[in-house]
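Contents: one structure, followed by commentary.
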Amino acid sequence: MVTTPHSLASEWLTRLPSPSGVMQPVQQRGRDALAGMGLPSRRQEDWRLTEMSRVEALLSLPLASAITSAPLAQPDTTCPELPAQSWRVRLDGRQDPLEGVVLPEGVSVLTGSELEQALGHTLERCACAQAWPVEFNHAMAGHVLALRIRGSVPPLELLVTASSVALAATRVLLVVEEKAQLEVLEVMQAASGSAHSHLVEMHLGQEACVKHGLVALGGGDASLLGHCAVEQEPRSTYTFTSVLKGWRLGRLEPRVVQVDGHASTVLKGLVLTQDDQQVATHTAVRFEGEEGQLDQLQKAVAAGHSHSIFNGAVQVPRAAQRTDAAQLSRNLLLSDRARIDTKPELEIVADDVRCAHGATVTQLQEDELFYLRSRGISAAKAASLLLRGYCQEVVDLLPSLAQRWSITDQLLEGLDS
């Protein structure tokens with residue numbers, strides 16, 4: 001019997017535990033969708049560069065939520081101590097993320113009809129509810145961190161962990177009300193052999209302000225499928241800064257829609273790949289009203305014989321007059337065996353706009369290396385200094401809680417050609 005991607009998906013679905021709990025309808029919806037979809041195909045434009053064997057390998061892993069022999073995750077003593085007036089929530093795909101957590105003033109849990117109304121709404125508005133990674137997460141996620149944010153709340157750190165040799169599915173829903181302010185840092189850690197499906201939905205009310213950071217550090221042959229859908233109402237500001245390293249298979253998909261314009265979106269990303277890793281970033285921003293703003297910078301560093309992919313789509317329909325959007329993809333090759341594919345896209349129908357995009361792929365500049373070496377700095381140290389500066393531009397934009405994690409040092413560790 002010939003094994004096909006569709007039969008692999010069907011066989012995987014039969015091994016899943018029965019849908020249960022508050023996420024039961026969502027789980028069933030995802031499984032029904034995957035039964036018809038099967039696995040992604042390289043015939044699909046947004047998957048054509050992906051090494052599909054790595055996606056198929058995810059289906060051979062046990063679900064973290066089904067593992068009962070190992071103890072539940074305990075607070076990690078290696079995590080930096082939280083500053084005063086901040087709070088932490090741990091997500092591992094196995095237990096209720098709010099167990100034992102005291103919520104600060106201004107934060108409440110979405111339950112019942114509130115949860116039913118809000119869950120999936122932003123995915124629909126961002127036109128990604130039927131995307132394969134989303135339905136994949138739907139099929140597995142047994143818990144959801146669903147919070148309503150009012151006013152100005154203390155900084156939040158989400159520690160997202162994946163068990164060794166298991167597939168964890170986590171889901172977050174944040175409803176940020178009018179004029180509310182939130183700073184949230186997600187720190188994802190994964191051991192070798194693990195995989196993580198992570199889905200975030202976020203709704204920003206009018207004049208809301210969110211500074212969102214993601215630091216995703218994998219290990220060995222860990223895998224990550226991350227999806228973030230954000231809906232912005234007028235005069236809201238959303239800043240998303242992401243830093244990824246250490247994923248043999250990585251795919252991050254931030255999607256933003258400005259529902260009535262007059263909003264500001266800032267996307268800053270950094271991806272580092274080495275060895276035979278393959279990491280793809282697919283962003284999509286859609287303006288549905290006038291005078292929206294976008295400032296986007298995506299950086300990549302590729303070493304070894306790794307492969308980094310960026311596809312950034314910006315849609316400016318006729319209703320989005322006086323849009324001001326800038327998108328830049330900057331890429332650095334550290335090896336002649338590494339590969340970078342970058343495709344910024346602007347789809348403009350409105351006729352009164354300021355939109356620009358660009359892409360560069362370079363190596364470390366010889367004149368800069370020469371300048372440093374002429375001042376007695378070794379070649380290796382000079383290259384390290386230039387790499388640090390290249391990465392620091394994005395790292396410095398992460399939420400303030402990131403300063404405790406020594407992120408740049410972790411990014412540069414072991415990074416060579």
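The values are calculated or read from the model by the stated rules, or taken from the named source; none is laboratory data. What you see is a predicted model, and the numbers here were worked out from it, not measured in a lab. Note: ideal-geometry Cβ built from the backbone for every residue, glycine included; neighbour counts use all protein chains shown. Please note that ligands, DNA and RNA were not included when accessible areas were found on the heavy atoms of the full protein model with its side chains. Shrake-Rupley method; radii C 1.70, N 1.55, O 1.52, S 1.80 Å.
Within the stretch 239-264, being on the phi > 0 side of the Ramachandran plot and modelled with pLDDT of 95 or more holds for one residue alone: 262.
Of all residues in the stretch 165-204, exactly one satisfies the criterion of being modelled with pLDDT of 95 or more, assigned to a loop (DSSP other than H, G, I, E, B) and hydrophobic (A, V, I, L, M, F, W, C), namely 180. If you go through the stretch 337-372 and keep only what is closer than 19 Å to residue 278 by Cα, modelled with pLDDT of 90 or more and not hydroxyl-bearing (Ser, Thr, Tyr), you end up with 337, 338, 339, 340, 341, 343.
Among the numbered conditions (1) surrounded by fewer than 16 Cβ atoms within 10 Å (Cβ to Cβ); (2) of a type in the set (Asp, Glu); (3) within 22 Å of the chain's Cα centre (by Cα), the only one that residue 135 does not meet is (1). When every residue of the stretch 20-33 is checked against the conditions, at least one turns out to be farther than 20 Å from residue 93 by Cα and not basic (Lys, Arg). Number of residues in the stretch 77-96 that are open to solvent by 70 Å² or more (accessible area, probe 1.4 Å) and either without any contact (Cβ under 8 Å) to a residue 12 or more places away in the chain or of a type in the set (Val, Ile, Thr) (or both): the value is 3. Scanning the stretch 14-63 for residues that are more than 10 Å from residue 139 (Cα to Cα), open to solvent by less than 80 Å² (accessible area, probe 1.4 Å) and among the aliphatic types (A, V, I, L, M) turns up 35, 37, 39, 49, 52, 55, 57, 58, 59, 61, 63. Take the conditions (1) among the acidic types (Asp, Glu); (2) closer than 30 Å to residue 220 by Cα; (3) open to solvent by 10 Å² or more (accessible area, probe 1.4 Å); (4) not in a loop (DSSP other than H, G, I, E, B); residue 116 misses just one of them, which is (2).
Screening 312, 246 for residues that are surrounded by 20 or more Cβ atoms within 10 Å (Cβ to Cβ) and touching an Asp or Glu at 6+ places or on another chain (Cβ under 8 Å) leaves exactly one candidate, 312.
Total residues in the stretch 284-308 satisfying the condition of being of a type outside the set (Gly, Ala, Ser) and farther than 25 Å from residue 396 by Cβ: the figure is 7.
Let's see how each residue does on (1) of a type in the set (D, E, K, R); (2) modelled with pLDDT under 90:
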| position | (1), (2) |
| --- | --- |
| 43 | yes, no |
| 49 | no, no |
| 79 | no, yes |
| 86 | no, no |
| 95 | no, yes |
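So which residues in the stretch 270-292 are open to solvent by 10 Å² or more (accessible area, probe 1.4 Å), more than 21 Å from the chain's Cα centre (by Cα) and at negative phi? Those that are open to solvent by 10 Å² or more (accessible area, probe 1.4 Å), more than 21 Å from the chain's Cα centre (by Cα) and at negative phi: 288, 290.
Taking the numbered list (1) open to solvent by less than 10 Å² (accessible area, probe 1.4 Å); (2) touching a Lys or Arg at 6+ places or on another chain (Cβ under 8 Å); (3) closer than 28 Å to residue 347 by Cβ; (4) not charged (D, E, K, R) in turn, residue 206 passes all entries but (1). Remark: pairs (first residue in the stretch 5-28, of a type outside the set (Lys, Arg); second residue at pLDDT below 90; Cβ separation under 6 Å; 6+ apart in sequence or on different chains) = 17/66. Scanning the stretch 97-113 for residues that are modelled with pLDDT of 95 or more and either open to solvent by less than 40 Å² (accessible area, probe 1.4 Å) or assigned to a helix (DSSP H, G or I) (or both) returns 104, 106, 107, 108, 110. Select from the stretch 215-224 the residues that are of a type in the set (A, V, I, L, M, F, W, C) and open to solvent by 10 Å² or more (accessible area, probe 1.4 Å) and list them in ascending order. Answer for the stretch 215-224, where residues must be of a type in the set (A, V, I, L, M, F, W, C) and open to solvent by 10 Å² or more (accessible area, probe 1.4 Å): just 217. Might you let me know whether the stretch 346-357 holds any residue that is touching an Asp or Glu at 6+ places or on another chain (Cβ under 7 Å) and open to solvent by 10 Å² or more (accessible area, probe 1.4 Å)? Yes, that holds for at least one residue. Against the definition (at pLDDT below 95, in contact with a strand residue (DSSP E or B) (Cβ under 7 Å, 6 or more places away or on another chain) and under 21 Å from residue 29 (Cβ atoms)), how does residue 63 come out, yes or no? Yes; evaluated as a whole, the condition is true for this residue. Filtering the stretch 119-164 to residues that are assigned to a strand (DSSP E or B) and either in contact (Cβ under 8 Å) with a residue 40 or more places away in the chain or in contact with a Phe, Trp or Tyr (Cβ under 6 Å, 6 or more places away or on another chain) (or both) leaves 145, 147, 148, 149, 152, 156, 157, 158, 159, 160, 161, 162. Is it the case that the stretch 207-224 has a residue that's at pLDDT 95 or above, within 21 Å of residue 129 (Cα to Cα) and of a type outside the set (D, E, K, R)? The answer is yes; a qualifying residue exists. Here is the figure for the stretch 29-46: residues that are in contact (Cβ under 8 Å) with a residue 24 or more places away in the chain and part of a helix (DSSP H, G or I) total 8.
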